[in-house]
Structure formats: C-alpha cells, structure tokens
Amino acid sequence: MKVRPMTWEYIAGFFDGEGTIRNNKYGNKTSIGIGITQSVFHGEVINEIKDFLDKEKIRVQVYIRNEPYKDKYKAQYRLEITSRASVKDFLLPIIENLRVKRDQAEKLLLFINSCPIKGRLTLRERDSIIELVNRGISRKEISKKFQRSVATINSFFFQLRHGNKVLVQK
C-alpha cells in the first residue's frame with residue numbers, strides 16, 4: 001500500500017485528536033508549547049510529522065518517554081514544539097482545520113501576538129518606530145519607549161536599509 005505524503009490537513013486532524021496545547025503561568029513567567037503523543041507501536045507517524053515540520057523550518061523535538069499505565073509503564077513517542085515562533089508557525093497553517101482544539105489554539109495565538117518575541121518587532125511596533133524616526137526621535141529614546149534593546153532597533157533599521165527580510169512578528 002502506497003502512503004500518501006504528509007500534509008497540513010493530516011497534521012491538523014492528528015493534532016486535534018492526539019495533541020495538547022500548553023499555556024501555563026508560573027509566577028511572572030509563562031510556559032507555552034505544543035505536544036503530540038503516540039504509542040511506540042505507531043511512532044513512525046511522529047517521525048513523519050517531524051520530517052515534514054523540519055522541511056517547514058519549524059523547530060521540534062521528538063523523544064520517547066515512559067508513562068504510567070495500569071500499574072506498568074507504557075513507552076510513547078512525544079513530539080514537542082516550545083519556541084513561540086515555532087508554535088505560531090505550526091498553528092497558523094492548521095487552525096482553520098481544527099475542531100476540538102481551535103478555541104485553545106486561537107487563545108494561544110492571541111497570547112503569542114501580545115507578547116513580543118525577543119529580538120523581533122510586531123508590525124505595529126515597526127510602523128510606530130518608523131514614524132518616530134521620521135519625527136526625529138533618537139533610536140535610544142525609541143528603545144526606551146518600546147522596552148527593546150538599542151541593538152534590536154539598530155538591527156531593524158540595518159535590515160530595512162539593506163532590503164533584507166525584516167524580523168517581524170505578525
């Protein structure tokens with residue numbers, strides 16, 4: 001039997017049934033992540049999903065863990081996505097196909113969009129910074145206003161000036 005290539009639609013359905021979304025707050029820190037667990041007897045699907053996500057430049061980790069199950073331990077494959085950028089890059093292509101986890105996914109995306117990724121600027125920040133520079137505000141003052149390092153602001157302008165892809169969080 002020929003196996004079809006991995007698709008975002010398949011991943012959406014598999015994640016909807018076997019996946020987890022984590023958004024936990026510990027004091028003033030928040031831990032987010034995506035996980036998919038599967039029995040070692042069908043673990044090859046986890047590796048296929050990992051290979052697909054690797055091609056999409058989404059950072060994932062796969063490991064085997066032992067879970068308690070009816071007075072014994074059951075080995076399982078676990079795929080984890082923990083960086084904000086990778087979680088966002090994973091959820092955006094599948095969210096329209098989610099049924100069970102759609103609300104959780106939308107809430108997590110809202111959270112990610114409200115918390116800037118270190119070293120990246122939101123679209124709103126980018127537009128505001130350009131406007132402030134056009135009004136003659138110094139980069140040092142801009143970094144204080146947006147609570148970003150001067151290096152992040154300078155990097156943004158360097159990339160903008162040289163026509164490189166600007167690191168922007170959408």
inquiry  = Going by what's in this entry, would ASP54 be described as more than 20 Å from SER114 (Cβ to Cβ), modelled with pLDDT of 90 or more and not hydrophobic (A, V, I, L, M, F, W, C)?
reply    = yes
| field | Residue in region 107-127 that is in contact with a helix residue (DSSP H, G or I) (Cβ under 6 Å, 6 or more places away or on another chain), at pLDDT 85 or above and charged (D, E, K, R) present | value | no
By residue number, the members of region 18-67 that are of a type in the set (Lys, Arg) and within 23 Å of GLN104 (Cα to Cα) are ARG22, LYS25, LYS29, LYS50, ARG59
With the first residue restricted to region 27-38 and required to be within 14 Å of ASP89 (Cα to Cα), and the second required to be in a loop (DSSP other than H, G, I, E, B), Cβ contacts under 7 Å at 6 or more apart or on different chains are GLY33/THR82
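The values are calculated or read from the model by the stated rules, or taken from the named source; none is laboratory data. If you're wondering where the values come from, they're calculated on a predicted model, not measured in any experiment. A quick note on method: Cβ atoms are made from the backbone with ideal geometry, for glycine too, and the neighbour counts reach across all protein chains shown.
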